[in-house]
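> My questions will all concern the structure given below.
The values are calculated or read from the model by the stated rules, or taken from the named source; none is laboratory data. Note that the coordinates shown come from a computational prediction; the quantities given were computed from them, not determined experimentally. Cβ sites come from the backbone with ideal geometry, for glycine too, and all protein chains shown count toward neighbours.
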Amino acid sequence: MAAVQPYVKKAVAVSSVADIPAGVAQAFHAALEGSPGPTYVDLPADVLLNAIGGEEAAAAVASIPERPQKQLVSAPDADVKAAADIIRSASK
């Protein structure tokens with residue numbers, strides 16, 4: 001993991017199958033918050049080769065946090081029009 005940390009916003013290590021949904025959710029959240037960027041999820045072979053089922057799988061999926069909603073910011077129409085007028089009147 002230390003090898004990838006200089007290149008990603010967040011590196012997540014998953015130690016059990018049940019932790020995969022939460023680990024992936026953490027990586028997605030980090031990738032999308034602020035300036036978007038790469039993340040890394042370490043999924044060891046022994047974790048990937050295990051299986052879970054039924055209630056354990058449902059509990060793992062239920063633990064995934066909701067994706068945060070982006071706050072859209074808009075400028076007043078008058079400000080947008082003023083900016084467009086300035087750009088239109090600019091010379092090269």
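> Within the group A45, A13, A18, A31, which residue is hydrophobic (A, V, I, L, M, F, W, C) and more than 22 Å from E66 (Cα to Cα)?
Being hydrophobic (A, V, I, L, M, F, W, C) and more than 22 Å from E66 (Cα to Cα) holds for just one of A45, A13, A18, A31, which is A45.
> Checking E66 against (1) surrounded by 10 or more Cβ atoms within 10 Å (Cβ to Cβ); (2) within 16 Å of the chain's Cα centre (by Cα): exactly one of these is not met. Which one?
(1)
> Only one of P36, P44 is surrounded by fewer than 13 Cβ atoms within 10 Å (Cβ to Cβ), within 15 Å of the chain's Cα centre (by Cα) and closer than 18 Å to V4 by Cα; which?
Working: P44 fails: within 15 Å of the chain's Cα centre (by Cα).
That would be P36, the only listed residue that is surrounded by fewer than 13 Cβ atoms within 10 Å (Cβ to Cβ), within 15 Å of the chain's Cα centre (by Cα) and closer than 18 Å to V4 by Cα.
> Sticking with this one: Go through A90, A82, A59, A75 for me and flag whichever is among the aliphatic types (A, V, I, L, M), more than 17 Å from A13 (Cβ to Cβ) and either modelled with pLDDT under 80 or in contact with an Asp or Glu (Cβ under 8 Å, 6 or more places away or on another chain) (or both). Break it down into steps so the answer makes sense when it comes.
Working: A90 fails: either modelled with pLDDT under 80 or in contact with an Asp or Glu (Cβ under 8 Å, 6 or more places away or on another chain) (or both); A82 fails: either modelled with pLDDT under 80 or in contact with an Asp or Glu (Cβ under 8 Å, 6 or more places away or on another chain) (or both); A75 fails: either modelled with pLDDT under 80 or in contact with an Asp or Glu (Cβ under 8 Å, 6 or more places away or on another chain) (or both).
Exactly one residue qualifies, and that residue is A59.
> Show the residue pairs meeting these rules: Cβ distance below 9 Å; 6+ apart or different chains; first residue within the range 72-92 and among the aliphatic types (A, V, I, L, M); second residue surrounded by fewer than 10 Cβ atoms within 10 Å (Cβ to Cβ) and not in a helix (DSSP H, G or I).
V80/S74
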